[in-house]
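Participant: One structure is given below, represented as structure tokens, and several questions about it will come after.
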Amino acid sequence: MQITDIKIHVVEIPGQKGRILELVPVPGLRRTQYTHQSHSTDSPAHRLIMRVQTDEGIEGICGVNNGASNPAHMLALLRTN
């Protein structure tokens, strides 16, 4: 079975403000550890939906973490691996 197509759909959620996740170091530890902080934006909230299709007709749909990356970058990574 081979993946033949990967698409990411951006769905806006009207009436909700968007959020950005930022990775920040956790202070006071002997080792490096990160957590995230959330910040509001003026842009509308959105969700990313990924759809994967195979040559055998199997299709999968899942939600994608919005803070991970932008959709174009995610598609490029998935298509090369």
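Participant: Quick one: if you stick a label point 7 Å off each Cα along the C-beta vector at residue 58 and residue 46, how many nm between them?
Facilitator: According to this spin-label approximation, the distance is 3.0 nm.
Participant: So how do 33-39, 47-53 stack up, highest first, on mean other-Cβ count within 10 Å?
Facilitator: On the way: 33-39: 9.1, 47-53: 14.6.
For the peptides 33-39, 47-53, the packing ranking is 47-53, 33-39.
Participant: Something else about it: So what J values fall out for the stretch 45-52 if you push phi through Karplus, 6.51 cos²θ - 1.76 cosθ + 1.60 with θ = phi - 60°, rounded to Hz, Gly and Pro as x?
Facilitator: 5, 8, 10, 9, 10, 9, 10, 10
Taken together, the values in this text are just the output of simple stated rules run on the coordinates, not laboratory data. These numbers were taken from a predicted model, which means no experiment stands behind them. For neighbour counting, all protein chains shown are included, and Cβ atoms are generated from backbone atoms with ideal geometry for every residue, glycine included.
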